[in-house]
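Report on the following structure.
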Amino acid sequence: MTKTTIEPTSLNLGPIPFIDLAAQRRHLGGRVEEAIARVLEHGQYILGPEVFELERALANFCGVEYTISCASGTDALILGLLAKGIGPGDAVLVPSFTFAATAEAVALLGATPLFVDILSDTFNMDPESTARGVHFARHLGKTPRGVIPVDLFGQPADYDSLERIARVEGLWVLSDAAQSFGATYRGRRVGSIGDLSATSFFPAKPLGCYGDGGAVFTDDPDVAEVIRSLRVHGKGSDKYDNVRIGINGRLDTIQAAILIEKLAILSYELTSRQRVAERYEAALASLVNVPRLPPGTTSAWAQYTIILPVHARDAVAANLKRRGIPTAVYYPRPLHTQTAYRHYPVVGNHLPVSEDLASRVLSLPMHPYLDERTQDWIIHEFREALSEIGS
Ligand SMILES: *Cc1c(COP(=O)(O)O)cnc(C)c1O
């Protein structure tokens, strides 16, 4: 490969998208429109045949017995927690460095989210902090019931350690796989990990629809049946027979039809994301902290998130913005410091890794259709931006 200097004018790139859903749509051709048209034709907009076809396809893909689709990733978490029957007096351990929904679902049901720290090299739940959290919950007079590991940025959490703690302490594991659909952990596909898993089909997630959507996965037939009831107002034999308090949490048939088409290209997209990640790593590993996958894991690369030196992040992001390179910060504030969550318990009273990383992380453009020329340009501009701020 010959190394040439890249000139912006010779590249003639248009605006660089952070996630390019338009490119994915071009790749899909007419398949999504045809799938939507079929739903319009049969008219079964709620729980139509595509919903059940998708659930079978997702279960096959993950190697799990039961998949229950639902209206969002947040609903998937709520449905999972409702099925586990949590409520006031219960504590559920969650990482603080995550999207609000992880803790929100717990708090909404009247239980206590108990915040634990993450590992700086994976962004995922720290098993040691989690073990301390279980004892802290009991010390507070709460009943620890479960753990919600989050596969942040697409990378599976340390399930071997977390499942061991859960087993010893008699807790369940609900995996928040909203960002990791398609990833694998030691021979297991995300979705088949933990007692149950929740994922999101929000458009920007690795498997996204064209609206809101989600799914719960489990091998437990009783849990699956309860969740099927819960997503339709706690129905018994039909929706006018109400046997428990539930929600309206169904996935629309049109979204299911779209997801069937998108699931068919997911493996291709995962390979492509992996290639993009490897190119970033090769170019950036000597400059900043880049994500490292523990042996035996693959990532769905929902985000490519690097860690910058202290005090450098905001300047680099602003510099890149001036250069037309979009970036994002996930997450600027850990949940335990947020107005809505700061009165909930925190292991050790503060979470040094979460607090440190919130000021240092930066996510670069990442999607399966990021071509090499555009990526090289992003890398080039990143190097310039980093050197300009003097790091
Ligand atoms: C996106 C996300 C959710 C919520 O999913 P929605 O479909 O937006 O409700 C939950 N947890 C994590 C970690 C997420 O990234």
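The values are calculated or read from the model by the stated rules, or taken from the named source; none is laboratory data. Since the model is a prediction, treat every value here as computed from it, not as a measurement. FYI the Cβ positions are ideal-geometry reconstructions off the backbone, even for glycines, and counts take in every protein chain you see. For accessibility, only protein heavy atoms count, side chains too; no ligands or nucleic acids. Shrake-Rupley method; radii C 1.70, N 1.55, O 1.52, S 1.80 Å.
What number comes out for accessible area per residue over segment 56-157 if the probe is 1.4 Å? Units Å², please. Kindly include the intermediate steps, with their values, before the conclusion.
Numbers: 3070 Å² over 102 residues.
Value for segment 56-157: 30 Å² per residue.
Give, in nm to one decimal, the length gained when the segment between Arg56 and His139 is fully stretched (0.36 nm per residue of separation minus the Cα-Cα distance).
25.5 nm
Could you give me the percent of Cα pairs per 5 Å distance bin for segment 175-221, shortest bin first, beginning at zero and ending with the bin that holds the maximum distance?
5, 25, 30, 21, 13, 5, 0
Return the FRET efficiency for the residue pair Thr271, Asp219: r is the Cβ-Cβ distance, R0 is 25 Å, and the value is rounded to the nearest 0.05.
0.35
Please give me, ordered by residue number, the trypsin sites (Lys or Arg not before Pro) of segment 146-216 that lie in loop per DSSP and have at most 12 other Cβ atoms within 10 Å. Show your work: numbers first, answer last.
Values: sites: Arg164, Arg167, Arg186, Arg188, Arg189; in loops: Arg186.
Counting only loop positions with at most 12 other Cβ atoms within 10 Å, the trypsin sites (Lys or Arg not before Pro) in segment 146-216 are Arg186.
Could you tell me how far the Cα centroid of segment 150-212 sits from the Cα centroid of segment 12-75, in Å?
With segment 12-75 and segment 150-212 each reduced to a Cα centre, they are spaced 19 Å.
Determine, from the Cβ-Cβ distance of Glu384 and Arg292 and an R0 of 30 Å, the FRET efficiency 1/(1 + (r/R0)^6), rounded to the nearest 0.05.
FRET efficiency, Glu384 to Arg292: 0.75.
Have a look at the chain and give its Rg and Dmax from the Cα atoms, expressed in angstrom.
Cα radius of gyration and Dmax of the chain are 21.4, 70 Å respectively.
Helix-derived [θ] at 222 nm for the chain: sum -39500 (n - 2.57) over DSSP H runs of at least 4, divide by residue count, nearest 500?
Working: 14 runs with 156 residues, N = 391.
Mean residue ellipticity at 222 nm (helix-derived): -12000 deg cm²/dmol.
Within segment 218-305, report the chymotrypsin sites (Phe, Trp or Tyr not before Pro) that DSSP leaves as loop and that have at most 16 other Cβ atoms within 10 Å.
Passing sites in segment 218-305 are Tyr240.
Tell me, how many Å apart are the Cα centres for segment 301-344 and for segment 113-134?
20 Å
With a probe of 1.4 Å, find how much accessible area segment 336-391 has per residue, and write the answer as a whole number in Å². Write down the numbers at each step before the final one.
Details: 2430 Å² over 56 residues.
Per-residue value: 43 Å².
Please compute, for the alpha-carbon atoms of segment 203-344, the extent along each of the three principal axes and give them in descending order in Å.
61, 43, 33
When the chain is fully extended, how far beyond the present Cα-Cα distance does His311 get from Ser359, taking 0.36 nm per residue of separation?
Extra length from His311 to Ser359 when fully extended: 16.5 nm.
Let me know the shape class of segment 93-244, please: from the alpha-carbon gyration tensor, a ≥ b ≥ c as square roots of the eigenvalues, rounded when a/c is under 1.5, otherwise prolate if a/b is greater than b/c, or oblate.
Cα axes put segment 93-244 in the oblate bin.
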